[in-house]
1. Kindly state, as a whole number, the per residue volume in cubic angstrom of the convex hull around the alpha carbon atoms of the chain.
2. Hey, what did region 121-238 get for relative contact order, percent, Cα under 8 Å, at least 6 apart?
3. In cubic angstrom, how much convex hull volume per residue do the alpha carbon atoms of region 161-278 span?
4. Say we join alpha carbon atoms closer than 10 Å with springs in a Gaussian network model of the chain; which of 111, 184, 132 then has the biggest fluctuation?
5. Please give the calculated 222 nm ellipticity per residue for the chain, where each DSSP H segment of at least 4 residues contributes -39500 (n - 2.57) and the sum is spread over every residue; nearest 500 deg cm²/dmol?
6. What do you get for the angle between helix 220-241 and the principal long axis of the chain? Use alpha-carbon atoms, 0 to 90 degrees, nearest ten.
7. With both partners inside the chain, how many of the DSSP beta bridges are antiparallel, as a percent to the nearest 5?
8. In whole percent, what relative contact order does the chain give with Cα contacts below 8 Å and a gap of six or more residues?
Ligand SMILES: [Zn+2]
């Protein structure tokens, strides 16, 4: 079994200017590092949650926040191990999860992402392209530890993966699971309908603890509940869109689901109406 420390939810949501859609706060948050199990840490704050797995052969990270967070991520890793950062898995292409890529690639790290995530980075002219991609599944073996990275289908974007740490019974979900209103990035192949199937497939895996893309460390039951919430959102979107796209977000009554209508959710409205019209 795993210990799940209570971690402060830290995801503020604004629409980022430019091509890179990001979940972040305008004012930079200080980063905090929490020990999730004896073998895994998480760095929370500012961009997406970063998982840190130190081993005797180097360190594996999941995601690397924004470029400006690189030095603080390095310092936090250094506080638990002298080993170099060997691998970084990007859960998807958004700049609050891949912003550190370029600097880490110039150091000791190789970056691995789903082929669709890399293609999204190429088409959006983002820096720090991963040198290694895969289609359905890949594994990384480092210092006697196994990390399994799996693609279950579209959701938040077309290239979201989940990263499993079997020895810790933990999964990092990227933005397929967040606290607050979801962002369906239709410009990057996202789909609320597909998201449901993607989570159903992921929930067949064996794990206890969930590191979401943003927000506090959670449990398996929270991810299962998130899937139910997304199904409710889909039903509400379909009903709200029947009266037109204008004002549809207000008609969905997100507050009843414990969510605030974020600018990124508002941005998803036309795509939501398009995909739920049949
Ligand atoms: Zn994202």
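Values in this text are rule-based calculations from the coordinates and carry no lab data. Because the structure is predicted, anything quoted here is derived from the model rather than measured. Every residue, glycine among them, receives a Cβ derived from its backbone with ideal geometry; neighbour counts consider all protein chains shown.
1. Values: hull volume 32.3 nm³, N = 278.
Dividing the Cα hull volume of the chain by its residue count gives 116 Å³.
2. 21 percent
3. Convex hull volume per residue, Cα atoms: 94 Å³.
4. For the chain, modelled as a Gaussian network with Cα springs under 10 Å, the answer is 132.
5. Per the formula, -8000 deg cm²/dmol.
6. 30 degrees
7. Details: 27 of 41 bridges.
Here the antiparallel bridges make up roughly 65 percent for the chain.
8. In percent, rounded to a whole number, it is 16.
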